[in-house]
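Have a look at the structure below, then the notes.
The values are calculated or read from the model by the stated rules, or taken from the named source; none is laboratory data. None of these values were measured; they are calculated from a predicted model. We place every Cβ from the backbone using ideal geometry, glycine too, and count neighbours over all the protein chains shown. Calculation scope for accessible area: heavy atoms of the full protein, side chains included, ligands and nucleic acids excluded. Shrake-Rupley method; radii C 1.70, N 1.55, O 1.52, S 1.80 Å.
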Amino acid sequence: MTYDAIILGGGAAGLFCAAMAGQQGKRVLVLERADKVGKKILISGGGRCNFTNINAGPANYLSSNPHFAKSALARYSPQDFVEMVDSHGIDWHEKTLGQLFCDGRSTQIVDMLVDECAKAEQHGGQVTILTEQLVSEVAHEGGAFLVTASGTLHGGHTLVIATGGPSIPKMGASDFAYDLARQFGLKVVHPRPALVPLTLGGEDVLFRDLSGVSAPVEATANKTTFSEAALFTHRGLSGPVILQISSYWRPGDALAINFLPDLTGDWLIEIKKANPRVNFKTVLREHLSERLATVLAERLNLSGDLGNLPDKALRRAQDNLRSWQFHPNGSEGFAKAEVTAGGISTAELSSQTMEAKKLPRLYAIGEAVDVTGWLGGYNFQWAWASAYAAAQAIAEN
């Protein structure tokens with residue numbers, strides 16, 4: 001059987017693209033390597049699926065071309081997806097910073113996407129989903145795409161690469177998308193782990209003794225700053241703010257942490273004037289956990305009452321606490337990365353349709369593309385938006 005479209009990958013982008021194209025009368029085949037579809041969806045958001053972010057916009061994405069995501073994000077908004085969620089009777093709630101989560105479990109989103117695929121038959125289309133499919137060969141002959149998967153040959157007028165990136169390999173993730181892109185002459189921006197914990201070594205290794213301690217901080221790397229909680233781990237640094245900044249951090253760069261972002265100016269000098277007999281460590285303990293305050297005071301080599309400490313030393317402490325320099329020796333890699341930065345170059349694709357410029361009817365969507373969102377539902381919104389853009393183009397062909 002020859003399909004209108006063959007979609008490689010049954011994750012968020014692949015399923016949504018299949019549903020949208022199928023509901024416009026297209027015959028679609030989804031080939032998924034794992035034993036079930038939507039595995040990354042199932043583990044997202046602690047099992048409750050942070051399915052979008054109401055604030056999602058182009059500024060929340062990294063790419064070699066920061067303008068590339070504008071078109072797709074504008075044509076399929078977070079509210080559009082929320083309307084679909086509502087239509088399936090799925091209850092949800094907003095957490096901090098515009099993050100939307102299911103009240104129930106992530107399985108509700110996967111079930112919704114599968115149900116949307118089934119609706120294709122009501123519109124004269126059809127979506128066939130096959131799991132445990134190992135793709136051994138992909139060819140383009142006579143204007144059609146030929147895909148051999150688990151010993152069976154499938155033909156399609158259109159091919160969609162939706163296999164994601166290599167983050168979380170235990171879920172079956174791989175760099176298959178990049179190999180396929182290169183096969184068809186498309187350039188790939190070097191992939192790297194993103195939204196990933198950072199590891200510490202050298203002098204910073206002492207902070208690993210604070211494993212389990214968290215604090216609201218500001219983290220800065222490459223002129224980009226995020227404000228949220230940081231968590232010390234037995235390997236280094238994690239927590240929402242570290243995952244966010246990890247996408248901007250590069251090996252060899254310093255990472256600046258403001259441990260007391262709410263305190264500005266000469267706050268230590270002012271406390272000294274008001275209460276010279278208060279102990280320096282006591283001041284830190286008023287704002288930070290005892291374990292963290294103790295370690296910072298020791299590293300700053302300051303002790304005793306503020307009145308006995310020179311203003312110069314206190315100002316130096318203020319500066320250090322405002323921009324504490326860590327030098328991560330790496331990250332925890334693709335095994336712990338929530339997503340992959342880099343991927344199929346946006347220069348090779350139409351921002352309107354996600355179609356390859358060099359090869360008509362070849363599309364790339366979702367995480368496979370060099371568009372990476374912030375933590376907090378942004379990457380799912382890119383999956384929905386890029387999949388929708390491709391589906392609309394497929395429907396018109």
Condition first: in contact with a Phe, Trp or Tyr (Cβ under 6 Å, 6 or more places away or on another chain) and open to solvent by 10 Å² or more (accessible area, probe 1.4 Å). Now tell me which residues in segment 352-366 satisfy that.
GLU355, LEU359
Taking segment 317-356, which residues are assigned to a strand (DSSP E or B) and touching a Pro at 6+ places or on another chain (Cβ under 8 Å)?
GLY330, SER331, THR340, ALA341, GLY342, GLY343
Matching residues, segment 255-297, being out of contact with any helix residue (DSSP H, G or I) (no Cβ under 6 Å at 6 or more places or on another chain), farther than 14 Å from GLU218 by Cα and among the small types (Gly, Ala, Ser):
GLY265, ALA274, SER289
Take segment 150-206 and flag every residue that is of a type in the set (A, V, I, L, M) and within 18 Å of the chain's Cα centre (by Cα).
ALA162, ILE168, MET171, ALA173, ALA177, VAL189, ALA194, LEU195, VAL196, LEU198
Of residues in segment 196-236 being assigned to a loop (DSSP other than H, G, I, E, B) and in contact (Cβ under 8 Å) with a residue 60 or more places away in the chain, the one most open to solvent (accessible area, probe 1.4 Å)
ARG235
Looking at segment 100-120, which of the residues that are open to solvent by 30 Å² or more (accessible area, probe 1.4 Å), in contact (Cβ under 8 Å) with a residue 40 or more places away in the chain and out of contact with any Cys (no Cβ under 9 Å at 6 or more places or on another chain) is nearest to VAL30 (Cα to Cα)?
VAL114
Restricting segment 131-158 to residues that are assigned to a loop (DSSP other than H, G, I, E, B) and at pLDDT 95 or above, the one least open to solvent (accessible area, probe 1.4 Å) turns out to be GLN133
Long-range neighbours under 6 Å by Cβ, at least six apart or interchain, first residue part of a loop (DSSP other than H, G, I, E, B) within segment 374-397, second open to solvent by less than 10 Å² (accessible area, probe 1.4 Å) and among the hydroxyl-bearing types (Ser, Thr, Tyr)
GLY377/THR52
Report yes if some residue within segment 246-255 is buried (at least 19 other Cβ atoms within 10 Å of the Cβ), in a strand (DSSP E or B) and either touching a strand residue (DSSP E or B) at 6+ places or on another chain (Cβ under 6 Å) or β-branched (Val, Ile, Thr) (or both); otherwise report no.
yes
Scanning segment 256-277 for residues that are basic (Lys, Arg) and either in a helix (DSSP H, G or I) or at positive phi (or both), which turns out surrounded by the most Cβ atoms within 10 Å (Cβ to Cβ)?
LYS272
Going through segment 65-79 in order, the residues found to be loosely packed, with under 14 Cβ neighbours inside 10 Å and either among the hydroxyl-bearing types (Ser, Thr, Tyr) or not in a loop (DSSP other than H, G, I, E, B) (or both) are ALA74, ARG75, GLN79
When only residues in segment 1-52 that are basic (Lys, Arg) and in a loop (DSSP other than H, G, I, E, B) count, which is least open to solvent (accessible area, probe 1.4 Å)?
LYS26
Scanning segment 335-351 for residues that are of a type in the set (A, V, I, L, M, F, W, C) and either crowded, with 21+ Cβ neighbours inside 10 Å or touching a Leu at 6+ places or on another chain (Cβ under 8 Å) (or both), the one farthest from SER238 (Cα to Cα) turns out to be LEU349
If you go through segment 278-321 one residue at a time, how many are small (Gly, Ala, Ser) and open to solvent by less than 20 Å² (accessible area, probe 1.4 Å)?
4
